[in-house]
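The values are calculated or read from the model by the stated rules, or taken from the named source; none is laboratory data. Predicted model only: the values in this text are computed from it and were never measured. With ideal geometry, Cβ positions are generated from the backbone for all residues, glycine too; neighbour counts draw on all protein chains shown.
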Amino acid sequence: MKIHYLQHVAFEKLGSIESWARSHSHPLFATKFYQGDPLPELATIDWLVVMGGPMNIYEEDRYPWLAQEKKFIEQAIKAKKPVIGICLGAQLIADVLGTKVFPNQYREIGWFPIEFTAQAQESPLFNFLPQTLNVFHWHGDTFDLPAGAIPLAQSKACAHQGFIYHEHVIAFQFHLEVLLENVQQLIHHGRNELKAGKYIQTPEEMLVVTEDNFLTIKTAMTGILDRLSA
């Protein structure tokens, strides 16, 4: 199974998605927009993963490749490819599905619990997870629910933490994929965003977590990928 991922900045990487893919011998290919890489032919990929990034989906003047990326994501969804979007990736999916992406009331950065919706808990992709899960966040924007999508989860800071669309598209506003080194990189490159806020943790608070936190989200991410690939 050929997995292609779209990477917007060098420091937002696949994390546990990469280790899952390699453990199943799924080849990985990338379009790294920050290096000027081209997009592939859609017919040559099986899965599409759209990563996060500090830019916003409406900054096409600053990041002209965003327009081309949106068209590619839309084509992949229409072709019924499995598509996973994380943070910015989720917002790009929401945009191409015709709904509004906008600044959330609160920036949400750090470890905060989400609560899965009843509809998500009935989905075969998510029914193995507990109702509440402590996950990692780093976002300022959010989105409305696209038509035809199932709401995934919510947190105290953000009403829409993701959605499932036609059982082959998953949009995560939060980060299940991060490993310790990914969080360290986000902190290093995003310190300018770490201003005092109701739902913004300090670097020390983000890094004081135990290995169990990372193991929990890794188990959740790999379980979802196992079910999506079944």
Next item on the list: Could you please tell me which pairs satisfy a Cβ distance under 9 Å, a separation of 6+ or placement on different chains, a first residue in region 207-230 that is surrounded by 13 or more Cβ atoms within 10 Å (Cβ to Cβ) and aromatic (Phe, Trp, Tyr), and a second residue that is in a helix (DSSP H, G or I) and modelled with pLDDT of 95 or more?
Entry: Phe214/Ser16; Phe214/Leu180; Phe214/Val183
Item checked: Pairs with Cβ under 7 Å, 6+ apart, first in region 10-35 and within 18 Å of Leu176 (Cα to Cα) and assigned to a helix (DSSP H, G or I), second polar (S, T, N, Q) and at pLDDT 95 or above -> Ser16/Thr222; Trp20/Thr222
Next item on the list: Restricting attention to region 156-177, report how many residues are under 10 Å from the mean Cα position of the chain (by Cα) and hydrophobic (A, V, I, L, M, F, W, C).
Entry: 5
Margin query: Can you tell me which residue is farthest from Gln91 (Cα to Cα) among those in region 36-50 that are in a helix (DSSP H, G or I) and in contact (Cβ under 8 Å) with a residue 24 or more places away in the chain?
Written below: Thr44
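Yes or no, residue by residue, for (1) part of a helix (DSSP H, G or I); (2) buried (at least 19 other Cβ atoms within 10 Å of the Cβ):
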position: Leu66; (1), (2): yes, yes
position: Lys70; (1), (2): yes, no
position: Ile73; (1), (2): yes, yes
position: Lys80; (1), (2): no, no
position: Gly85; (1), (2): no, yes
position: Gly89; (1), (2): yes, yes
position: Ala94; (1), (2): yes, yes
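Each row is one residue, and each column tells you yes or no for (1) touching a residue at least 12 places away in the same chain (Cβ under 8 Å); (2) small (Gly, Ala, Ser); (3) within 16 Å of Tyr165 (Cβ to Cβ).
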site	(1), (2), (3)
Ala90	yes, yes, yes
Ile93	yes, no, yes
Pro113	yes, no, no
Thr117	yes, no, yes
Margin query: I'd like the residue in region 114-132 that is surrounded by 14 or more Cβ atoms within 10 Å (Cβ to Cβ) and closer than 16 Å to Asn213 by Cβ and, out of all such residues, is farthest from the chain's Cα centre (by Cα).
Written below: Leu129
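Regarding region 141-158, can at least one residue be identified that is touching a residue at least 60 places away in the same chain (Cβ under 8 Å), crowded, with 19+ Cβ neighbours inside 10 Å and of a type in the set (Phe, Trp, Tyr)?
Initial filter on region 141-158 (touching a residue at least 60 places away in the same chain (Cβ under 8 Å)): 141.
Within this subset, residues satisfying the condition of being crowded, with 19+ Cβ neighbours inside 10 Å are 141.
With the extra rule that they be of a type in the set (Phe, Trp, Tyr), the set shrinks to none.
Taking every residue of region 141-158 in turn, none turns out to be touching a residue at least 60 places away in the same chain (Cβ under 8 Å), crowded, with 19+ Cβ neighbours inside 10 Å and of a type in the set (Phe, Trp, Tyr).
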Checklist line | Selection status of Lys13, of a type in the set (Lys, Arg), at pLDDT 95 or above and surrounded by fewer than 17 Cβ atoms within 10 Å (Cβ to Cβ) | finding: no
